[in-house]
Amino acid sequence: MSLVKLIEYLRNRLKTVVRLCWVALALLVVADILFVDKEHAHTAVEHWWGFWSLFGFVGCAALIIVSKWYGHAGIMQREDYYDE
Amino acid sequence: MNSFWLHPALILILGALVLPFLPGRVKRPFLLLVPVLVFARVLTLTHGSFGHVSFLGWDLVFGRVDRLSQVFGYIMSLMCILGNLYGLHVKDDRQHVAAWFYVAGSIGAIYAGDYLTLFLFWELMAFSSVFLIWARGREESLGAGFRYLLVHVAGGLSLLAGMVWHCNTVGSWEFSLTDVQHATPATYLIMIGFILNAAVPPLHAWLPDAYGEATFNGSVFMCAFTTKTAVYALCRGFAGMEILVPLGVIMALYGVVYAVLENDCRRLLAYHIISQVGYMVAGVGLGTQMAVNGACAHAFAHILYKGLLFMGCGAVLHMTGESKFTELGGLWRKMPWTFVFTLIGGLSISAFPLFSGFVSKSMIVAAGFEEHKLWVGFLLMLASVGTFLHTGLKVPYFIWFGKNQPKREVWERAAEPPWNMNAAMALASVLCIFIGCYTPYLYKMLPYPEVAAEYHPYTAYHVSETLQILLFTAVGFFLLLKKLVPEPVISLDCDWFYRMGGRAFLTFARKPVQAVDTFVGELYRLGGLIPLMLTARLAGLFDNYIIDGAVDGFARSVRRLGQRLRGVQRGQVQENLVFAFGVAAALIVAFLILANW
């Protein structure tokens, strides 16, 4: 099946794929700084360079860390917790 | 009305009553034909008020057709087609019948013009969908079904109490926008009934409990109808209710936090329903035309992409028998197309440009910013970070890739699902992309089309903002991958209170109450039973010799009747429910037919 072959092809070149992704991310931030009209932004912080990139990254890390802390504070229990 | 007005829900109910008696060959086409007819009927509805019936001096309205009810009616009946296509190969008739009654309940509630009719269909939804949980047949499903029923009956009672109170003050059963500025206790009771179905914390725990336990295609139906009917009811009755804004934002984040901890892929998706419905609830609370448009648009898009996601994970469950991340991994070799479809669902829910969520979710966020509620905008943005983190990344990664190697038998069972499941997923995927690419299709259906026409999601700023948020979330995901590896645990949620509370009640019933009962029983035995037995023995002698011969024939027939009756009353709640349910269904059909003449 061709779809499996495509995924296999990409997996065999994982390093290149990852490098391309980093390049794409960098281009995205650069394009945002150079070309995007920020006239309609609602707040001042949105005018910072790469604000939404930072928001995405920090938000993601914060969500993971806070949720895991919350889970390990007693919310996560063995799977047979409710069994009698 | 003098002419017959065919209610779309009636087609489904009649179909459900006929289905079990059809021969095998006809069943499959019939399973597709009925939902298609319902969809066609919804398309041909004209605006207005139909199906009036006088009941005990009240005017009941079965068919209120306007822009708001039409957008929901459209997507519900469309989803019914997809759901039936997906479960076409399921041999168990009970599931199809239950699903049709369930959809009929939802569609009936949407077109209901008064509280009584709304309540009738509202309860039909709860009592029919529970069979989609029980049909799974596991020991856990039985408990989950009862908990589901318990919670929904409680919510229904709150709704009923509020309705009666409201009708008493206002003097009419009409279901319309309540006076949200001067909310009365009755309004709050009705709202509690609605937000329980919308799964607003702390009234939400039924949702992951039930949707994680239902059958693989039962969940596809359930994820679409209950919560979105509640969103419709909130749009209709509570647009502009301030308290819904913070509740919606809390919901959006609450679901995301629990999704981090979740090990079962369908429960994870269930927590993301809570999160996504949070956007809609917040939109209803904002109450501006743009926000209500956003809530409706998001409900529309949500039904499709969430259905698609549940189809993808349901296919994995159906083929491998597993839904836990810790038991799955590396399935890309075996189920590549299921992966692609699920990924499309994931990109849609995450609001990637060109996918459906992008054109609907942003409307609510923009409405928040426009109302100068900055915290609403930013917190909803944070929730969309979490959405992509889980549904766009965690689900596909840990099922189809990841380092985990599933057990041998799981691996051997894994394969692409039957054609009809693939077809349903492909159709849903196409719709998700179509909505994302061609905005007028959805925007023209919204309650305020002129406001929607002025909204343009594809501005350079919005696209750049979204791409940055989502792609840098992906960076965070891969950098913190080790922390995200699923653990074989369950997370305690608000259902703890009634699960443990129920257990405490049982213990109480067993120990002190049982002791009192035994004591009273003993008194009864000494004081009453022993003398009674003596008399009985004497009477028995008399009976044996004299009356027996005459009565024997009569006794035999009584025993036969008794055996028949015992089936009905041997305490099997499910059997009683089916029985009661059948009677209720017959009544509804009679009602609908009478109502529409």
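Derivation of every value follows stated rules applied to the coordinates shown; laboratory data play no part. Please read all numbers here as calculations on a predicted model, not as lab measurements. No Cβ is skipped: glycine too gets one built from the backbone with ideal geometry, and neighbour counts run over all protein chains shown.
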Here the longest stretch of chain B that holds no trypsin sites (Lys or Arg not before Pro) in a DSSP loop having at most 14 other beta carbon atoms within 10 Å is B:139-402
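For chain B, what does the relative contact order come out to in percent, with C-alpha contacts under 8 Å and a separation of six or more?
It rounds to 15 percent for chain B.
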Expected vector for the range B:523-530, Karplus 3J(HN,Hα) from phi with 6.51, -1.76, 1.60 and θ = phi - 60°, integer Hz, x for Gly and Pro, equals 4, 4, 5, 5, x, x, 5, 5
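Relative to the Cα centre, what is the charge dipole magnitude of chain A, using +1 at the beta carbon of each Lys and Arg, -1 at the beta carbon of each Asp and Glu, and rounding to the nearest 20 debye? Provide the component values of the computation, followed by the final result.
Working: 8 positive and 9 negative charges, 130 e Å.
Here the size comes out at about 620 debye.
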At 4 °C and 1.567 mPa s, the Stokes-Einstein diffusion coefficient in µm²/s for the range B:247-332, with hydrodynamic radius from the Kirkwood sum on alpha carbon pairs, is 93 µm²/s
Mean projected area, convex hull of alpha-carbon positions in chain B, reported to one decimal in nm², is 33.9 nm²
As straight-line cross-link partners of B:K394, the qualifying aspartates and glutamates (C-alpha separation under 17 Å, not fewer than 8 residues apart within one chain) are B:E262, B:D264, B:E322, B:E327, B:E487
Rounded to two decimals, the Rg over Rh value of the range B:419-461 from Cα coordinates and the Kirkwood Rh reads 1.15
In whole angstrom, largest first, the equivalent ellipsoid semi-axes that the Cα gyration tensor gives for the protein assembly as shown are 47, 31, 26
Once amide hydrogens are built 1.01 Å from N within the peptide plane, the residues lying 5 or more places from B:R64 or on another chain with amide H under 5 Å from its amide H are B:F50, B:A112, B:G113
Two pseudo-spin positions, 7 Å from Cα along C-beta at B:F55 and at B:K407, lie apart in nanometres by 5.0 nm
Quarter of the surface of the C-alpha convex hull for the range A:42-84, i.e. direction-averaged projected area in nm², equals 4.6 nm²
A:R11 and A:H42 label points (each 7 Å along its Cα→Cβ direction) are spaced in nm at 4.2 nm
Within the range A:38-84, DSSP-loop trypsin sites (Lys or Arg not before Pro) with at most 11 other C-beta atoms within 10 Å are A:R78
Treating only Lys and Arg (+1) and Asp and Glu (-1) as charged, each at its beta carbon, one finds that the protein assembly as shown has a dipole about its Cα centre, in Debye to the nearest 20, of 1880 debye
With only helices counted (DSSP H, runs n ≥ 4, each -39500 (n - 2.57)), the per-residue ellipticity at 222 nm for the protein assembly as shown, to the nearest 500, works out to -23500 deg cm²/dmol
Too long for a 32 Å Cα-Cα cut-off, among A:K38/B:K444; B:K27/B:K403; B:K27/B:K444, are B:K27/B:K403; B:K27/B:K444
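Do any of B:K228/B:K482; B:K306/B:K483; A:K68/B:K324; B:K91/B:K361; B:K228/B:K483; A:K15/B:K361 go past 28 Å between their Cα atoms, and which?
Values: B:K228/B:K482 35 Å; B:K306/B:K483 26 Å; A:K68/B:K324 18 Å; B:K91/B:K361 38 Å; B:K228/B:K483 33 Å; A:K15/B:K361 34 Å.
Check vs 28 Å cut-off fails for B:K228/B:K482; B:K91/B:K361; B:K228/B:K483; A:K15/B:K361.
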Quick calc, the range B:255-385, dipole around Cα centre from Cβ unit charges on Lys, Arg (+) and Asp, Glu (-), nearest 20 debye, gives 220 debye
